[in-house]
Amino acid sequence: MRKAWIVASVAISSALAFVMLLVVGVYVVAGNLVNGVGGGAKTLAKGSVPAAYAALVQKWGNLCPAISPALLAAQLYQESGFNPKAQSHAAAQGIAQFIPGTWASHGIDGDGDGDRDVWDPKDAIPSAASYDCELASYVKKVGGNLTENMLAAYNAGAYAVIKYGGVPPYNETQNYVKRITTLSKSFAAPVGRVDPSEQAAGAIEYAQKKLGTLYLWGGTGTPEQGGRFDCSGLTQAAYKSVGITLPRVANDQYNAGPHPSRDELLPGDLVFFSDDLTNSRAIRHVGIYVGGGYMIDAPRTGAVIRFDPIDTPDYFGATRVTEDGAKALPTTV
């Protein structure tokens, strides 16, 4: 028994030492890549848009130079969370959240079936793209970035953009432009190296201290819960410890930054799992990557926070959390 205990202790110590080595590596890598290349693309990241709408977003997101599939996806996610039945208190309707007056003027028959239905994504998604491009045409002679001016016109009206010669000095409008342009990075397939997160090491350190803690469904680590977590509660608390506020649930945490490929993973990346590999909204589990094909996660009821392998059939993908990416996420979708 004593021999087994010693062997187990050595194994645990070795694992923790390995993680600490990786944590130090995160700081080194982050320091070396401060000026690295981020990525944006005309192609959507795998599964970032539900499969039912991905082809529509990919097609109509290339309608004009001011938009892209990723930007259109960011707008739809911001507006409705890809919910075609969404309806706001302000009477905005459908997946693109058109108010009735705007729909009457700008809704189009995207699928050519003879009607314009705000509740039908086959009409609403093309209409959103068409409306974006129409706004872009109004402000195309204004100096500066056409996409930012288009987004500003979406929020504040084309007249305000023309009046101020660019994004107007309204906090709401400036925040909207930054939020959508930042959020679009989480829907784009990266075309280059994805910068590491400087906060990643601290998030790992936090999660490492929770190893052995019993899982609790809905747990966020509060004293009333005995400091216990579920999977997304752990990742949320780990990044909160380094000053980044993530959403509560895993499928929204997926949109907190760009998506490195499996062979580009770095310690601190969030790794996600789903029974539907075509739809990020179906993600059901998340952990924090520590290197060597392993993560720290809170797996399920009856288990403890532990190291688990990530290379399983339900591995969906990863997110490199950024502070701006987390801030860009809507509070409710």
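The values are calculated or read from the model by the stated rules, or taken from the named source; none is laboratory data. Treat the numbers as computed from the prediction; the structure is a model and nothing was measured. So basically every Cβ, Gly included, is an ideal-geometry build from the backbone, and we count neighbours across all protein chains shown. For accessibility, only protein heavy atoms count, side chains too; no ligands or nucleic acids. Shrake-Rupley method; radii C 1.70, N 1.55, O 1.52, S 1.80 Å.
Any idea which of (1) in contact with a helix residue (DSSP H, G or I) (Cβ under 6 Å, 6 or more places away or on another chain); (2) over 25 Å from residue 267 (Cβ atoms); (3) open to solvent by 20 Å² or more (accessible area, probe 1.4 Å); (4) hydroxyl-bearing (Ser, Thr, Tyr) is the one residue 206 doesn't satisfy?
Residue 206 satisfies every listed condition except (2).
Give 70, 92, 74, 45 a once-over and let me know the one that is touching a His at 6+ places or on another chain (Cβ under 9 Å), crowded, with 18+ Cβ neighbours inside 10 Å and either β-branched (Val, Ile, Thr) or modelled with pLDDT of 50 or more (or both).
45
Identify, please: which residue in segment 55-67 is touching a residue at least 24 places away in the same chain (Cβ under 8 Å) and not in a helix (DSSP H, G or I) and is, among those, most open to solvent (accessible area, probe 1.4 Å)?
Filtering first and then ranking leaves 65.
Pairs please, first residue from segment 201-215 and in contact (Cβ under 8 Å) with a residue 40 or more places away in the chain, second anywhere and among the charged types (D, E, K, R), Cβ atoms under 8 Å, 6+ apart in sequence or on different chains.
These pairs meet every condition: 211/306; 212/306; 213/228; 214/228; 215/228; 215/230; 215/300.
Taking the conditions exactly as written (surrounded by fewer than 22 Cβ atoms within 10 Å (Cβ to Cβ) and either under 24 Å from residue 272 (Cβ atoms) or modelled with pLDDT of 95 or more (or both)), does residue 31 satisfy them or not?
In short, no.
Scan segment 284-328 residue by residue and report those that are touching a residue at least 12 places away in the same chain (Cβ under 8 Å), out of contact with any strand residue (DSSP E or B) (no Cβ under 8 Å at 6 or more places or on another chain) and either of a type in the set (S, T, N, Q) or open to solvent by 20 Å² or more (accessible area, probe 1.4 Å) (or both).
Result: 292, 311, 322, 323, 324, 327.
Could you tell me how many of the residues in segment 122-154 are among the polar types (S, T, N, Q), more than 12 Å from residue 106 (Cβ to Cβ) and surrounded by fewer than 19 Cβ atoms within 10 Å (Cβ to Cβ)?
Within segment 122-154, residues that are among the polar types (S, T, N, Q), more than 12 Å from residue 106 (Cβ to Cβ) and surrounded by fewer than 19 Cβ atoms within 10 Å (Cβ to Cβ) number 2.
Under 8 Å by Cβ, and 6 or more places apart or on different chains, what pairs join a residue from segment 141-154 that is more than 12 Å from residue 165 (Cα to Cα) with one that is in a helix (DSSP H, G or I) and aromatic (Phe, Trp, Tyr)?
151/176; 154/131; 154/176
From 281, 193, 262, 179, which residue is out of contact with any helix residue (DSSP H, G or I) (no Cβ under 9 Å at 6 or more places or on another chain), touching a residue at least 40 places away in the same chain (Cβ under 8 Å) and closer than 29 Å to residue 75 by Cβ? Talk me through it step by step, then tell me what you get.
Details: 281 fails: out of contact with any helix residue (DSSP H, G or I) (no Cβ under 9 Å at 6 or more places or on another chain); 193 fails: out of contact with any helix residue (DSSP H, G or I) (no Cβ under 9 Å at 6 or more places or on another chain); 179 fails: out of contact with any helix residue (DSSP H, G or I) (no Cβ under 9 Å at 6 or more places or on another chain).
Testing whether each residue is out of contact with any helix residue (DSSP H, G or I) (no Cβ under 9 Å at 6 or more places or on another chain), touching a residue at least 40 places away in the same chain (Cβ under 8 Å) and closer than 29 Å to residue 75 by Cβ leaves just 262.
If you take the residues in segment 223-268 that are small (Gly, Ala, Ser) and surrounded by 21 or more Cβ atoms within 10 Å (Cβ to Cβ), which one is nearest to the chain's Cα centre (by Cα)?
Checking each candidate, the answer is 256.
Can you tell me how many residues in segment 163-211 are over 16 Å from the mean Cα position of the chain (by Cα), in a loop (DSSP other than H, G, I, E, B) and among the hydroxyl-bearing types (Ser, Thr, Tyr)?
Total meeting the criteria: 1.
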